[in-house]
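Just below is one structure, and these are the notes that go with it.
The values are calculated or read from the model by the stated rules, or taken from the named source; none is laboratory data. Keep in mind the model is a prediction, meaning the values are calculated, not measured. Cβ atoms come from the backbone with ideal geometry, glycine included; neighbour counts cover every protein chain shown. Heavy atoms of the whole protein, side chains included, go into the accessibility calculation; ligands, DNA and RNA do not. Shrake-Rupley method; radii C 1.70, N 1.55, O 1.52, S 1.80 Å.
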Amino acid sequence: MTGAVAGLVLSLGMIAPSVTAVAAVGYDFDSAASLQVAVNKHRQLNPAAYVPGQLVRVQGERLRTQAADAYKQFARAAKAAGVNVMPISGYRSFSEQASLYDSYVRQYGQATADTLAARPGYSEHQTGLAMDIGNASGTCALQACFATTPAGQWAAQHGWEHGFIIRYPAGAGATTGYTYEPWHLRYVGRAIAEDMHWTGISTLEEYFGLGAAPDYLP
């Protein structure tokens, strides 16, 4: 069932929304190079030091080709609506993620660091499919209040139209393992983003039928 059809059927009251309404059949969420790879605290990239084959620059940041093209369309659509969306952080290598994670551990301790940044090898940024965004003014950069800003509202309302989801939504920390990050966009492709939008599925863990990953495995 496509997202558009699902939305029509749901609006007519013919079926109730269900997290199992869209079976994620035929998607490769295991391979590091897949556009649908699911990365979380239970699912390390394989290989851990994976590097995407092709990265494209987007205003100083880098994304995989498909994600970069979609992001440019997303940003252009926002600008046409009077909203300036700025890229803050795209692809990060294993070593760059290690440096960031270690800095959080030094600042906050490991327990808190694990809710704020992924360990190296477990980061969506390493896939080249994730982009942290902000407002041109810098308002609420990398803070929960970003959700109330023009760029944050645009991402929540229109990101799915370009194949992006808010990867770490509000209230889903017990599933994703991370606090609310309204600025963190993950490219999954239009089909999945649309299905998740119309069915109300908020996390990739739910969509792919994976278990919750609140903490790293021992």
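Rounded to a whole number of µm²/s, how large is the Stokes-Einstein D of region 41-156 at 25 °C and 0.890 mPa s, given Rh as the Kirkwood radius over C-alpha pairs?
So the translational diffusion coefficient is about 162 µm²/s.
The convex hull defined by the C-alpha atoms of region 26-83 has an orientation-averaged projected area of 5.6 nm². Among Ser99, Ser202, Ser89, the residue with the largest mean-square fluctuation in a Gaussian network model of the chain, with springs joining Cα atoms closer than 10 Å, is Ser99. Note that the chain presents 45 Å² accessible area per residue, ligands and nucleic acids not counted, probe 1.4 Å. Electrostatic tally near Gly134: other residues with Cβ closer than 14 Å to its Cβ, Lys and Arg +1, Asp and Glu -1, net -3.
Helical runs (DSSP H, four residues minimum) scored at -39500 (n - 2.57) apiece and divided by the length of the chain put the mean residue ellipticity at 222 nm at -9500 deg cm²/dmol.
Shown for region 36-194: the carbon plus sulfur share of the solvent-accessible area, taken with all protein chains present and a 1.4 angstrom probe, equals 50%. Across the chain, Cα-Cα pairs farther apart than 21 Å form 53% of the total. If the viscosity is 1.306 mPa s and the temperature 10 °C, what translational diffusion coefficient in µm²/s does Stokes-Einstein give for region 86-128 when Rh comes from Kirkwood over Cα pairs? Estimated via Stokes-Einstein, D reaches 152 µm²/s. The translational diffusion coefficient of region 101-163, from Stokes-Einstein at 37 °C and 0.692 mPa s with a Kirkwood hydrodynamic radius over alpha carbon pairs, comes to 244 µm²/s. Placing unit charges on the Cβ atoms of the charged side chains and taking the dipole of the chain about its Cα centre, the candidate lying farthest along the positive direction among Pro87, Thr148, Tyr216 is Pro87.
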